[in-house]
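What follows is a short report on a single structure.
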Amino acid sequence: MSSDDAAFQRGLEIRREMFGPAGAQERLAAATDFNRPFEEAVTRYCFGDTWARPGLDLRTRSMITLAALAALVRPNQLKAHVRAALRNGVTREEIREILLHTAVYAGIPAGVEAFNAAAEALPTDPA
């Protein structure tokens, strides 16, 4: 895999927008021989090919991703994507509603995990 193709570069740009330098260039720079191919695939396929597709904006894709990660009970990824969703314009109220709605279909235990993870990732509650 070449890291100079257009999909890779667009993926890197989207990762930087969503996760900042720590989730983009720094993550790739810290990659080892073992995980570098995976990091490059995530950058190219996940972000460069899928997140960059026309038809849905990044905000909408973030909302879908939050629901999927909540349903799959992936708290570590959910935390990162909660922060990215905020950068993509999703409000904390929308995040709450996405998690509530997902819990109905994925189950209350999945909802508990999702709310706990989101609470850790969200800025301090203004209430």
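Counting alpha carbon pairs within less than 8 Å and at least 6 residues apart, what relative contact order, in whole percent, applies to the stretch 42-127?
Reported as a whole number, the value is 33 percent.
Note on the stretch 60-107: with charges restricted to the Cβ of Lys and Arg (+1) and Asp and Glu (-1), its dipole about the Cα centre is near 220 debye. Spacing of the modelled spin labels on Arg92 and Ala119, each 7 Å from Cα toward Cβ, amounts to 1.3 nm.
In the chain, taking the dipole from charged Cβ atoms about the Cα centre, the farthest positive-side position among Met18, Ala84, Gly111 is held by Gly111. With Cα extents along the principal axes in Å in mind, check (1) 38, 34, 23; (2) 72, 46, 33; (3) 44, 32, 29 and report the label derived from this structure. Here Cα extents along the principal axes in Å agrees with entry (3).
No value in this document is a laboratory result; all are computed from the given coordinates. The shown structure was predicted, so the numbers you read here are calculated from the model rather than taken from an experiment. As a convention, Cβ positions derive from the backbone with ideal geometry for all residues, glycine included, and neighbour counts pool all protein chains shown.
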